[in-house]
1. Suppose we keep only residues that are among the polar types (S, T, N, Q) and at pLDDT 95 or above within region 164-191. Which one would you say is most open to solvent (accessible area, probe 1.4 Å)?
2. When region 112-124 is examined, which residues are found to be more than 24 Å from E242 (Cβ to Cβ) and open to solvent by less than 70 Å² (accessible area, probe 1.4 Å)?
3. Of all the strands (runs of 3 or more DSSP E) wholly in region 40-103, which have at least 2 residues that are touching a residue at least 12 places away in the same chain (Cβ under 8 Å) and of a type in the set (V, I, T)?
4. When you go through (1) buried (at least 24 other Cβ atoms within 10 Å of the Cβ); (2) closer than 29 Å to V212 by Cα; (3) touching an Asp or Glu at 6+ places or on another chain (Cβ under 6 Å) one by one for T147, which number turns out not to apply?
5. Could you tell me how many of the residues in region 125-142 are touching a Cys at 6+ places or on another chain (Cβ under 7 Å), touching a residue at least 60 places away in the same chain (Cβ under 8 Å), open to solvent by less than 10 Å² (accessible area, probe 1.4 Å) and not hydrophobic (A, V, I, L, M, F, W, C)?
6. Do we have P113 as under 24 Å from T45 (Cα atoms) and in contact with a Ser or Thr (Cβ under 7 Å, 6 or more places away or on another chain) here?
7. Pull up region 203-220, narrow it to residues that are buried (at least 18 other Cβ atoms within 10 Å of the Cβ) and of a type in the set (S, T, Y), then point me to the one that is nearest to the chain's Cα centre (by Cα).
Amino acid sequence: MKLPKSFCILSIFLISHFFSTGNEIAEACTFTISNRCPFPIWPATAANQGHPVIAKGGFYLPPGQLKKILVPGDWTGRIWARTGCNFASNWKTGCQTGDCDGKLECMGSTGIPPATLVQIALQADKSKPSFYDVSVVDGYNLPVSVTTKPYSSNCRIGGCVKNMNNICPEELQVLNDEKEVVACKSACLAYNLDKFCCRNEYGSPEKCRPSVYAHIFKEACPWYYSYAYDTPAPLVSCASDEFVMTFCPSKWGAGNATAESEEALSSY
């Protein structure tokens, strides 16, 4: 599936500017993925070119549970959560949001936006910082936080202060069969216009400015990329060999999780 250019900019940026291509031996890292949502999710992973599939690309995670994944120390790719999945159906689409060809195990396939993305580029040399961000450049389905273990407030990406699905403009809404909002598209994904997608004549930070829609996303989720040239860039760089990614880090529909609760989770 060909994704909008805006979706690709951040991944290319991470690789070309921050990913170490030296000959260091890549020590393994651990991703701890936690589900604090009051419903099941199906986390998914997709590696950038040249990197292996981890966790078979996707798995089931009940509410209140977490899963630890051992990953190559130089791994680069993205992680997201799928919602409303039913893989026993005869339909091509297995999930209401973030679906990857109707399969439980994505095995390298990328998800269908909108879905909140964690993008990460690990450094082979663990004395050097890895780089990571959370992006809603193509839209949002769930809040997610990222912390290191041991916990450091300087290495934290918080969740959202508002549930974006509750405030999503009608023209960006993704509805399920019950007419509930399950995801919120970005303006780029919804309209496919250059000025929203930061491409062609708008393909530079000087020409591509945040739209009213990007401001809505930023207000709800201030730690995330709200559009391709978000400034200042909400990219985090920290040296660690374990990263904790928590979906729905706060009480569903309430404010952002406290740093203390995220620190407690990182002790698992």
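The values are calculated or read from the model by the stated rules, or taken from the named source; none is laboratory data. Everything quoted here is computed from the prediction, not taken from an experiment. FYI the Cβ positions are ideal-geometry reconstructions off the backbone, even for glycines, and counts take in every protein chain you see. Protein only, heavy atoms only, side chains kept; ligands, DNA and RNA dropped before computing areas. Shrake-Rupley method; radii C 1.70, N 1.55, O 1.52, S 1.80 Å.
1. Just the residues of region 164-191 that are among the polar types (S, T, N, Q), to begin with: 165-166, 173, 176, 186.
Now narrow it down to the ones that are at pLDDT 95 or above: 165-166, 173, 186.
On the way: N165: 16, N166: 116, Q173: 60, S186: 6 Å².
Among residues in region 164-191 that are among the polar types (S, T, N, Q) and at pLDDT 95 or above, the one most open to solvent (accessible area, probe 1.4 Å) is N166.
2. As a first pass, look at region 112-124 and keep what is more than 24 Å from E242 (Cβ to Cβ): 112-114.
Hits for region 112-124 are P113, P114.
3. Working: elements: 42-47, 66-71, 76-82.
Per the criteria, 66-71, 76-82.
4. Condition not satisfied by T147: (2).
5. Count: 3.
6. Details: under 24 Å from T45 (Cα atoms): yes; in contact with a Ser or Thr (Cβ under 7 Å, 6 or more places away or on another chain): no.
The answer is no for P113.
7. The residue in question is Y213.
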